[in-house]
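Below is one structure, written out as structure tokens; the observations come after it.
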Amino acid sequence: MTRAESIKETEKRRKAGAYKREQRAKLTTRQKEEINRKREKARKEREMLLEFRRRRKEQLEQEKLERLKKKTGREGIS
């Protein structure tokens, strides 16, 4: 198999996800655990960021409503 064919074959396996599985199978248990810890940490960080954004959005909407209530209250419009 030529180098070009080998590269093409590797690319096919990468796209299928097989390459990553093969590479991971070569790792030690400790290395696999480390990868899992990093992945879990990243997932938690993403979840926390999404939660923060959601809360901030709700807070801004609430403040907007309160300002609107104050504004309409002053003008006497109910």
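The values are calculated or read from the model by the stated rules, or taken from the named source; none is laboratory data. Remember, predicted model here, so these are calculated numbers, not experimental data. Because the Cβ atoms are built from the backbone with ideal geometry, glycine has one as well, and the counts that use them run over all protein chains shown.
Among all residue pairs at least 6 apart or on different chains, which show Cβ distances below 8 Å where the first residue, located in segment 11-38, is in a helix (DSSP H, G or I) and the second is among the polar types (S, T, N, Q) and modelled with pLDDT under 90?
Listed pairs, sorted by first residue: Y19/T10.
Have a look at K26, K8, K15 and point out the one that is out of contact with any Lys or Arg (no Cβ under 6 Å at 6 or more places or on another chain) and surrounded by 10 or more Cβ atoms within 10 Å (Cβ to Cβ). Steps first, answer last, please.
Numbers: K26 fails: surrounded by 10 or more Cβ atoms within 10 Å (Cβ to Cβ); K15 fails: surrounded by 10 or more Cβ atoms within 10 Å (Cβ to Cβ).
Step by step, each of K26, K8, K15 is checked, and only K8 is out of contact with any Lys or Arg (no Cβ under 6 Å at 6 or more places or on another chain) and surrounded by 10 or more Cβ atoms within 10 Å (Cβ to Cβ).
Taking the condition assigned to a helix (DSSP H, G or I) and either touching a residue at least 60 places away in the same chain (Cβ under 8 Å) or surrounded by fewer than 10 Cβ atoms within 10 Å (Cβ to Cβ) (or both), does K71 pass?
Working: assigned to a helix (DSSP H, G or I): yes; either touching a residue at least 60 places away in the same chain (Cβ under 8 Å) or surrounded by fewer than 10 Cβ atoms within 10 Å (Cβ to Cβ) (or both): no.
No.
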